[in-house]
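The values are calculated or read from the model by the stated rules, or taken from the named source; none is laboratory data. The shown structure was predicted, so the numbers you read here are calculated from the model rather than taken from an experiment. When we count neighbours, we look across all protein chains shown, and the Cβ atoms used for this are built from the backbone with ideal geometry, even at glycine.
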Amino acid sequence: MTFKTIAIALAVGSLAGGAALVASYGSSAADKSGIPYRDGEYETVEAPEGSPLSELISGYYFRTPETRELQDDDFMNPAFIWMEQGAELWSTVEGEAGESCASCHEDVEASMKGVGASYPKYHEASGKLINLEQRINLCRTESMQAEPWKWESDELLGMTAYVRHQSKGMPVNVSIEGPAAPFFEKGKDFYYQRRGQLDMACATCHEVNYGMYIRADLLSQGQSNGFPTYRLKWQKLGSLHRRFRGCNRQVRAVPYANGSDEYVNLELYLAWRGQGLPVETPAVRQ
């Protein structure tokens, strides 16, 4: 038996064994009747045309009632510590231009409404796809003439969450047409590519087996509508790219860098895959 064959066997055994040992809410990928829900129901959204999913379900409904209550209560939601920092930074003057975010965009509720729901998007000047974090840093370097914030810094997380929060409740609505199309296709390819020693793809967990347990973890559809998200495991707010890196490590693959083209492309595919789900930022997950 070759090493690759052993790795594949381990991957399959991990999925099947985890579901058997801990028990799944659904007996198969087609039976999702046991997804945690509130008052006997969970909300679904119609999947976009061409989607591999029959219905879209936010990761919110795969979490415990206690975790959902944390997200629902703005006073108790631990992510609001970062949100408050973002609100303060919005009007903070920095850089040689002597500008703040508010200098150009004024009232955040009016100017940023719907913005966070539309990223990633094509950036003509660079000829690349960019996400919201990168757009914020471009504003800092080009308009404010200030230093960009580091990825996963409290400042960038706080501002990203604050901006995206202005779209809370609005449907995710990204464009995959025109110049964004080739980046979308690359993101799709990444999603279905098996990688790492466990030879698993994103789809292995979040498409084929969502609603089932893998060891102690209940698999969701892997939707991105709540990011940046406060994870109880992290005990802090974190970006979607941090989650990508964690998933890559879990399948024993070498992760890409935060902000890499590969992850931004994947982010666009995931956003389209959840097209129509309401923005929940900042969500709370396990």
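One table, with the values for the structure above:
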quantity	calculated
Filtered residues of the range 194-242 (kept if among the aromatic types (F, W, Y), over 12 Å from the mean Cα position of the chain (by Cα) and modelled with pLDDT of 95 or more)	W234
Within the range 64-83, tally of residues that are touching a helix residue (DSSP H, G or I) at 6+ places or on another chain (Cβ under 8 Å) and either farther than 24 Å from L219 by Cβ or not in a helix (DSSP H, G or I) (or both)	7
Within the range 237-286, considering residues that are of a type in the set (D, E, K, R) and over 15 Å from K188 (Cβ atoms), the one surrounded by the most Cβ atoms within 10 Å (Cβ to Cβ)	E280
Flag for T141 being part of a helix (DSSP H, G or I), of a type in the set (V, I, T) and in contact (Cβ under 8 Å) with a residue 24 or more places away in the chain	no
When residues of the range 259-286 are limited to those that are of a type in the set (S, T, N, Q) and under 19 Å from R231 (Cβ atoms), the one modelled with the highest pLDDT	T281
Any hit, the range 98-115, residues being assigned to a loop (DSSP other than H, G, I, E, B), over 30 Å from E66 (Cβ atoms), out of contact with any Cys (no Cβ under 9 Å at 6 or more places or on another chain) and among the hydroxyl-bearing types (S, T, Y)	yes
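Residues checked against (1) buried (at least 16 other Cβ atoms within 10 Å of the Cβ); (2) free of Cβ contacts under 8 Å to residues at least 24 places away in the same chain; (3) touching a strand residue (DSSP E or B) at 6+ places or on another chain (Cβ under 7 Å); (4) under 22 Å from S224 (Cβ atoms):
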position: Y61; (1), (2), (3), (4): yes, no, no, yes
position: T67; (1), (2), (3), (4): yes, no, yes, yes
position: L70; (1), (2), (3), (4): yes, no, yes, yes
position: M76; (1), (2), (3), (4): no, yes, no, no
position: F80; (1), (2), (3), (4): yes, no, no, yes
position: W90; (1), (2), (3), (4): yes, no, no, no
position: V93; (1), (2), (3), (4): no, yes, yes, no
position: C101; (1), (2), (3), (4): yes, no, no, no
